[in-house]
1. When you check A:HIS109 against the structure, is it within 16 Å of A:ASP52 (Cβ to Cβ), crowded, with 17+ Cβ neighbours inside 10 Å and in contact (Cβ under 8 Å) with a residue 12 or more places away in the chain, yes or no?
2. Spot the failing condition for B:PHE58; the list is (1) of a type outside the set (Gly, Ala, Ser); (2) within 8 Å of another protein chain (Cβ to nearest Cβ); (3) in contact (Cβ under 8 Å) with a residue 40 or more places away in the chain, and only one is missed.
3. In the range A:118-129, how many residues are away from chain B (no Cβ under 14 Å) and closer than 17 Å to A:ALA26 by Cα?
Number of protein chains: 2
Amino acid sequence: MPQGTPPQVPDDGLTTRARRNAPVLAVHTGAGKGKSTAAFGMALRAWNAGLDVAVFQFVKSAKWKVGEEAAFQRLGELHEQQGIGGAVEWHKMGAGWSWTRKQGSDVDHAAAAADGWAEIARRLAGQRHDFYVLDEFTYPLRWGWIDVDTVVDALLGRPGCQHVVITGRDAPPRLVEAADLVTEMAKVKHPMDVGRKGQKGIEW
Amino acid sequence: MPQGTPPQVPDDGLTTRARRNAPVLAVHTGAGKGKSTAAFGMALRAWNAGLDVAVFQFVKSAKWKVGEEAAFQRLGELHEQQGIGGAVEWHKMGAGWSWTRKQGSDVDHAAAAADGWAEIARRLAGQRHDFYVLDEFTYPLRWGWIDVDTVVDALLGRPGCQHVVITGRDAPPRLVEAADLVTEMAKVKHPMDVGRKGQKGIEW
């Protein structure tokens, strides 16, 4: 809810209007479900507000496709064809993916992730999009494939009003510290624990 | 991820295929962000899989409209006009709302919520939709406006393969017990704590 009085008003010399235009860095972490799903839900809201949305999935395989990707392709088409909502781009950075080499070549996962981050950093510097989802981005950070300090510096120093949502378990402390909004999704109960299977429309 | 071996295989006499078609009851609770957003993200995935989606928001005012509602209206139009995705319905049960009286009349909140639940129970019994979001539904349960046992019995006894996602803080223990999937969204850090304001495309 946008209404209401905040618990404290910061002594930052900004007007309420300026604070409304402050870029948000959000992190969804924890072992529970909903980290990516909530990020895509936020992207849906951003799309509806006319923001230019870009999703970067740091996934195991670029061949894997979640239902949200197909849905956002439709939303992107609505924007292109009818001017409804915002523009949408969806990129996957896993095995078989590279910004610089042909799709499907046998690139190393770590190099692909580093390459992906370099492209995101360029786009942030160039204010290419309004709303970024860096899905499962904590993993290459935890594995040392991408330097956390470099990422945090680039995020904190990003120009303009670019919102960024990062998902994945075990978010590095420096990233949590830098973020404006951090939610931990904790698993209370999961059907696969009792042998249930994933289902179309639910799990993918 | 739908692949992989579950930690245990239940001795329920069901095939993997049957378990894949088992209806899911999910609860998103906790004081953090993302409960509703993740539910709408799940609904997006369900829509893409061609499921018939219905959202029931138990909100303070039926006049309040989140960005997701507008986006899902577009998705519903895509279904109606081009046969893409699933059908979408979006209902709000707050002050000024009633299934049985004219919109805008001065109905009591508790009666409106009870009335809303009665309609949902009818739809569940009639297998009207494939995927239900009962947004902020824990509040009328906590306030005693709707009987928890009646709700749990109706949910556990619902016929066919109807998925239900319920959101809101302080989910009643009986509901948590009955659910297949429970995620607690815990607040780690929120920008409004330090006086930031809600923003278009982010908060609504």
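1. No, not satisfied.
2. (2)
3. Number satisfying all stated conditions: 3.
Readers should treat all values here as calculations from the given coordinates under stated rules, not as data from a laboratory. Because the structure is predicted, anything quoted here is derived from the model rather than measured. Backbone-built Cβ (ideal geometry, glycine too); neighbour counts: all protein chains shown.
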